[in-house]
1. Only one residue in PHE598, PHE625 is surrounded by 17 or more Cβ atoms within 10 Å (Cβ to Cβ), of a type in the set (Phe, Trp, Tyr) and either at pLDDT below 85 or in contact with a Ser or Thr (Cβ under 6 Å, 6 or more places away or on another chain) (or both). Which one?
2. Cβ-Cβ distance below 7 Å, separation of 6 or more or different chains: which pairs start in region 975-995 with a residue that is without any contact (Cβ under 8 Å) to a residue 60 or more places away in the chain and end on one that is assigned to a loop (DSSP other than H, G, I, E, B)?
3. Among the helices (runs of 4 or more DSSP H) lying completely within region 332-394, list those that include at least 2 residues that are under 30 Å from VAL249 (Cβ atoms).
4. Go through region 1079-1117 and give me each residue that's closer than 26 Å to ARG376 by Cβ, in a helix (DSSP H, G or I) and among the hydroxyl-bearing types (Ser, Thr, Tyr).
5. List the number of the failed condition for ASN1059; all other conditions in (1) open to solvent by 10 Å² or more (accessible area, probe 1.4 Å); (2) under 29 Å from the mean Cα position of the chain (by Cα); (3) among the polar types (S, T, N, Q) hold.
6. Mind checking whether some residue in region 1127-1138 is out of contact with any strand residue (DSSP E or B) (no Cβ under 7 Å at 6 or more places or on another chain), of a type outside the set (Val, Ile, Thr), free of Cβ contacts under 8 Å to residues at least 24 places away in the same chain and assigned to a helix (DSSP H, G or I)?
7. Which residues, counting only those in region 858-908, are at pLDDT 85 or above, under 27 Å from ASP658 (Cβ atoms) and either surrounded by fewer than 20 Cβ atoms within 10 Å (Cβ to Cβ) or out of contact with any helix residue (DSSP H, G or I) (no Cβ under 7 Å at 6 or more places or on another chain) (or both)?
8. Just give me the residues in region 209-250 being under 26 Å from LEU399 (Cα atoms) and touching a helix residue (DSSP H, G or I) at 6+ places or on another chain (Cβ under 7 Å), in sequence order.
Amino acid sequence: MQKSVRYNEGHALHLSVAARKEGTKRGVLSKKTTENSRWAEKYFALYQNVLFYFDNDQSARPSGIYLLEGCSCERAPAPKPTESEHQHYLCGSYFSHNYFLVIFGHDGQKPLELRTEEESDCNEWVECIQQASYADIIIEREILMQKYIHLVQIMDTEKIAANQLRTQLEDQDTEIERLKAEIVVLNKTKERMQPYQNNQEEEDPDIKKIKKVQSFMRGWLCRRKWKIIVQDYICSPHAESMRKRNQIVFNMVETETEYVHQLSILVNCFLRPLRMAASSKKPPISHDDASTIFLNSETIMFLHEIFHQGLKARIANWPTLVLADLFDILLPMLNIYQEFVRNHQYSLQVLANCKQNRDFDKLLKQYESNAACEGRMLETFLTYPMFQIPRYIITLHELLAHTPHEHVERKSLEFAKSKLEELSKMMHDEVSDTENIRKNLAIERMIVEGCDILLDTSQTFVRQGSLIQLPTSSERGMLSKVRLGSLSLRKEGERQCFLFTKHFVICTRTSGGKLHLLKVRGTLSLIECTLIEELDANDEDCQGFNHLEFKVVVEPPDGQSFSVVLLAPSRQEKAAWTSDISQCIDNIRCNGLMTSVFEENSKVSVPHMIKSDARLHKDDVDICFSKTLNSCKVPQIRYASVERLLERLTDLRFLSIDFLNTFLHTYRIFTTAAVVIDKLADIYKKPFTSIPVRSLELFFATNQGAWGTDPLNNKSPRLCRKFSSPPPLSIPSRTSSPVHCRKLSLSSPIGVKVGTLDLSTTPSSSAANSPTSSHSPSISSPPPGSTRPPSGFSSPPPTATRSPSLPHPSGMSSPPPIPTKALLDLSHGPSSPELSPAAGEDVSGELPRIDAFCGKLRRSIRFGNSEKTCDKEFIIRRAATNRVLNVLRHWVSKHSQDFDMNSELKMGVMSLLEEVLRDPDLLPQERKATTNILRCTVPTLKTHSFIHLHLHPECFESLSAMELAEQITLLDHIVFRSIPYEEFLGQGWMKIDKTERTPYIMKTSQHFNDMSNLVASQIMSHTDVGSRASSIEKWLAVADICRCLNNYNGVLEITSALNRSAVYRLKKTWAKVCKQTKALMDRLQKTVSSEGRFKNLRETLKNCNPPCVPYLGMYLTDLAFIEEGTPNFTEEGLVNFSKMRMISHIIREIRQFQQAPYRIEHQPKVTQFLLDKTLVMDEDTLYELSLKIEPRVPPG
């Protein structure tokens, strides 16, 4: 084997001379020697890819040669100086150098280390050496080599194909010879049959060869062409899409296999064994409970087994994948999921109740320990079918994304996807409706006697709480003085009240905690009610409770009217109750009033008008609806722009309480308060803009002649607030004390067709001279003393006196009286005595009588043809004013924090209310409502809950468990109710500046930690085992009393303290604790456990009645899950109002618990102990003390 390399010295010298003269780069460099690692200056010259170095620039022969091909050159860091170099550096003779390194690609060759004094020179050398390495050429060579190998492979393939073709040609030659032999035989036969026929001359052999070559070339070219076509298709986007589509199908089969396996485990490991257990002698579960828990899961399993077999059969017929017919078969049978989804939550609830049975719980754990379950619980398997329909939708969406539009299955897959989406929406809506029905049924089950009105599916729960029912004036007269003097309002007058969209339910609570419906006046129909928020001093029912009482006047159509006086615990509670009650009443009456106007005048019903308005239920670019209907039977908004949300807020046809609460809770996320105020002011000034154009066209369908060709012209003077509307009507009423209705225009509930009021009049001759327009209301305001009835109303005696409080609109003429006639029928019922013509003579013109009349009116109103225009405009203006006042009253009463923190918002609301008060056509009750709202905006002195501490703190042993539990509950509720709802928006408690953004949430968290530290510190302060065990038992008794007081935050404070490592590790102490106490601790921990997203605590909170202190961390977790899981805005910029609704639902539940106060007396000696910081030890101190009490046991 050759061990040396031949070297041509002459050729090397020639190249070195060329390098010195024509080299790419030449210069002096310092080279590091390999012997003593010193640097020596050499003269280097670079020529093409060869680097020569000389002893000096005068040397003729090179000292060395480096072949740079395939090397790499890069800058290197400066090495650490030696001692001599360090001394030179101290003497000033050492300068900084620039180092670079040449690394060769050959094995065993050391890298070349060089340096220069100039950085620019170093960079030039590095660049030149890098170019001389021919790295790009080497890379290109490798690429060409790969192409060459590829071409060689192609040539090999072509050779194989050519060999195959040769073999085929040989076979074809053999076949041709055989065919020729047959032809010869046939020709001979033909010659014998036709002896006189001349034989054709045979073809020339050369021509045959040419034809054979041509045939071969045609076959080869055809195969070559098809090969290119197939290769191009394999690399095409269509083939890639088909591959992805096939992969989706394969994944779908795998997922379906896993789902069928999960269903088989559910049925074989749980359902069938439990059915057998239910048939045993001592069944741990009944057959009904088993059927309720598992529902139709077995049927679902059979269905998907069939579907899975069909999928596997399709895969067996690969590459043909036809799935549409499978979905066509599956779609009609997927309706079985509706029953499962609708009752899923109830089945989990039944399962939780069955787990209370020890035998069932033990049996279920045995089933769950099966290896097939893989550690999963029964609840997990029951949840799998909930996600199957959305999984199919996602799969079909992915399939359609990779299915061409001309594909044979495209339409079938789109149809299946649309049907599945409809089914999914229907299931979602049924779940929402079912939740509302379950809430109503839960309340109905709480009432011992039951309540049939709660079985109405259109009832929507609004709020509940405790109120005190005061005896009315008639009831006080029936009571004796002794009885009245000893009446305890808190005990005997306390009522548990439930408000729904149509009814108000009043119950009493017995000592056992059961609810009993009042035998008399227990259910109030809101359509028959009138709310009076502030009782006048001369009111017989006013009993002087600092304006905390409010009255509900009920006027049933078939009975005598009565009133219910209720007392709220605080002004905030009163404002919340009255706001919700008024919203429910206004919705019912506004719908009735609008129904009357539309049905009688335009012959278009309100439901038909809403149905005909596509903007209320049809998706558009700026809004998207769900299938769920709100309390006004209008689809709920899923996504919408801010403009559409403001439009819905000010739509006069309906007002959803859920929408209003959601909007006011979350508006600051997507808009500002100034925008909302501007919108309300615009609706008040231009009320006709609040109804869409299509609805107005239907509204004025019968009045085209009166309104002209452009009823929506904003320049029309009839659409401007500066012109007056028809003044309120003065109608005689009974001489009894008037009932102040909340709103005049909405005080006539429609739907009870008791009588008819047909008002018609002849057009006034002076109406044409009115400065407004030809269709302005013909209403005159005669001077005091004149006797004429208002236009549009007349009574037989023309002696109606104008009320002095009515404004006299400028520009309105006073025409002479015009004879009119009216049909008045106000009979039916003692509350509405028949008014004869003589009854109309006593007309005082006092406005409160208008309210009394309207509060008792139970009929539909019929307008005359000449009054249609003014009556419709009058009603719409009054409805617009009431809508603005409703929103502002709700805003001010329930969200007062917005005005406390935003002075500009308060000034804007006050200016709008003052503008409303300046309206000359404002009705008395509207004026009173405006004044009340304006009074609420004035800042008042707030009463803070101060805890005055005792000077001498008590010891733990001297305090009873009841005292501790009550004061812990009082402190927890004071801290909990102080949290403003705006802190729950935006996850401020998880930000860096959480102390500034959410100070009250942080204070609540700190209070929780302080109380938990106090419990642990008090237990660890005892030196003997018995005292510590007694302390643990007492604290658990305190926790149990907190549970009875619905203070689950206090329960968690104590149980978390007992679970701390410093306390939990004290085995000797826990050995002294009795078994009953340990069992109590297990029950308490199970109640407040975080397992399943606090499912046990949620179930407990659903069934408890306020007052209550929940664990705040549970709600914060829900809010964080909603915030992180769904964005505030869609990709199109629409507000995700479904998310806002979920956030509002949680905030409303929190505020419901915040608003219900505890009636616990403050005990300073107990709170002094609970808030004493000197008794609290930190975590490290507690653990050190725990180690001293019970040291660690050494291992072994």
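1. Exactly one residue qualifies, and that residue is PHE598.
2. What qualifies is GLU983/THR998; GLY988/THR998.
3. Here the list reads 336-342, 378-383.
4. Correct list: THR1087, THR1100, THR1117.
5. Failed condition: (2).
6. For region 1127-1138, residues out of contact with any strand residue (DSSP E or B) (no Cβ under 7 Å at 6 or more places or on another chain), of a type outside the set (Val, Ile, Thr), free of Cβ contacts under 8 Å to residues at least 24 places away in the same chain and assigned to a helix (DSSP H, G or I): absent.
7. LEU905, LYS906, GLY908
8. Within region 209-250, TYR233, ALA239, ARG245, ILE248 qualify.
The values are calculated or read from the model by the stated rules, or taken from the named source; none is laboratory data. Because the structure is predicted, anything quoted here is derived from the model rather than measured. Counting neighbours? That spans all protein chains shown, and the Cβs are built from the backbone with ideal geometry, glycine included. SASA here: full protein model, heavy atoms, side chains in, ligands and nucleic acids out. Shrake-Rupley method; radii C 1.70, N 1.55, O 1.52, S 1.80 Å.
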